[in-house]
Amino acid sequence: MTKSIAIIALTLILANLSYGQSDHEKYIQALVNGDIQLAEKIEKRNITTESIAPKTFSSRNKPEQTFHIKIQSLKDTIVSLFNFKNQFQNKYLNRVFYYYSENDREKHHKHDIFFNAETVKDSLFGSEYFRKPETTNDIYLHTFGESWPSKLYFSKGKPLRFTTAFIIKLTETDSNTTKISISAENPTVFNGIIGFGVHAPIARETKVDPSTIEEYTLLLFIADKLGEKSLQPLLLPKDN
């Protein structure tokens, strides 16, 4: 039954396609028609691997800072900072965490990316991370899988899409002081296509080294909200 509904839905979509189909649309139509060989041929000619060319970035950011706040209070405060109101068009986050729609060639509409903060008590995306030892005081930040244009990793002069979750690690240095450090959990760039899915081409994902750009941007956001003004400006790569 479910399979039949899916086929009907695909047929209706294909019935409304106009001249000038994309290869993905032709791929779907070939599947609906039962022409597996044609579908495989279309898919194969679209499989690509884009080269990864990082910009020169010798002086990296150091995403850590000590705050004169008790660890539990700091943890609760940081979690509360990551709401819509604080993040929307924030001067720090908006510089790095954004994207433009695929059809927005002139880049008229900039979309903010928003973070969700999880703790060991309310984890979903971070549940696997919190199974590790000594993570009770940490905060897990994720974007529900959203990606943004990298400021470090490029291909053919254009930024690759970059994505990762982040770990905010809180360490008590004394009863009234807490050090936080921010790290990228699994930084990845999308550099090509590995095949086709039902809804869209499937991106090629390649693991890369952390940039420190995103991590330090998050630290600047937190420090600003806490009234800490001693941090240095964000360092960015130089053009090659």
Stokes-Einstein D for the chain, Kirkwood Rh over Cα pairs, 10 °C, 1.306 mPa s (µm²/s) = 77
Looking at T136, F57, L31, which one has the Cα that reaches farthest to the positive end of the dipole of the chain (charges on Cβ: Lys, Arg +1; Asp, Glu -1)?
-> F57
What is the chain's relative contact order, in percent, from Cα pairs under 8 angstrom and six or more apart in sequence?
-> 24
Electrostatic dipole magnitude of the stretch 41-164 [Cβ: Lys, Arg +1; Asp, Glu -1; Cα centre; debye, to 20] = 580
Folded to 0 to 90 degrees: helix 36-46 orientation relative to the chain principal axis, Cα | 50
Please identify every one of the GluC sites (Glu not before Pro) in the stretch 44-130 that sits in a loop by DSSP and has no more than 13 other beta carbons within 10 Å of its own beta carbon.
-> E102, E106, E128
In the stretch 203-240, trypsin sites (Lys or Arg not before Pro) in a DSSP loop with at most 11 other beta-carbon atoms within 10 Å | K229
Within a Gaussian network of the chain (alpha carbon springs, distance under 10 Å), most fluctuating of T164, T188, T48 = T48
Angle, helix 71-81 long axis vs. longest principal axis of the chain, Cα atoms, 0 to 90°, nearest 10?
-> 40
Where a ≥ b ≥ c are the square roots of the eigenvalues of the C-alpha gyration tensor, would you call the stretch 62-124 rounded, which needs a/c under 1.5, or, failing that, prolate if a/b is larger than b/c, or oblate?
-> prolate
If Lys and Arg each add +1 and Asp and Glu each add -1, what is the summed charge of the other residues whose beta carbon sits under 13 Å from the beta carbon of N90?
-> +3
Checking the stretch 117-155 for trypsin sites (Lys or Arg not before Pro) in a loop per DSSP with at most 14 other beta-carbon atoms within 10 Å yields K121
Helix 213-225 axis, angle to the chain major axis (alpha carbon atoms, nearest 10°) | 50
Hey, what does the equivalent ellipsoid look like for the stretch 123-240, semi-axes from the Cα gyration tensor as sqrt of 5 times each eigenvalue, largest first, whole Å?
-> 30, 20, 11
Could you size up the charge dipole of the chain around its Cα centre, putting +1 on the beta carbon of Lys and Arg and -1 on that of Asp and Glu, and report it in debye to the nearest 20?
-> 480
Which is the longest run of the chain containing none of the chymotrypsin sites (Phe, Trp or Tyr not before Pro) found in DSSP loop states (not H, G, I, E, B) with at most 14 other C-beta atoms within 10 Å?
-> 145-240
Treating only the Cβ atoms of Lys and Arg (+1) and Asp and Glu (-1) as charged, compute the dipole magnitude of the stretch 96-171 about its Cα centre; round to the nearest 20 debye.
-> 360
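Every number here is computed from the coordinates shown, using simple stated rules; none is lab data. Keep in mind that this is a model prediction, so the values were computed, not measured. Positions of Cβ are generated from backbone atoms using ideal geometry, with glycine treated the same way; all protein chains shown enter the neighbour counts.
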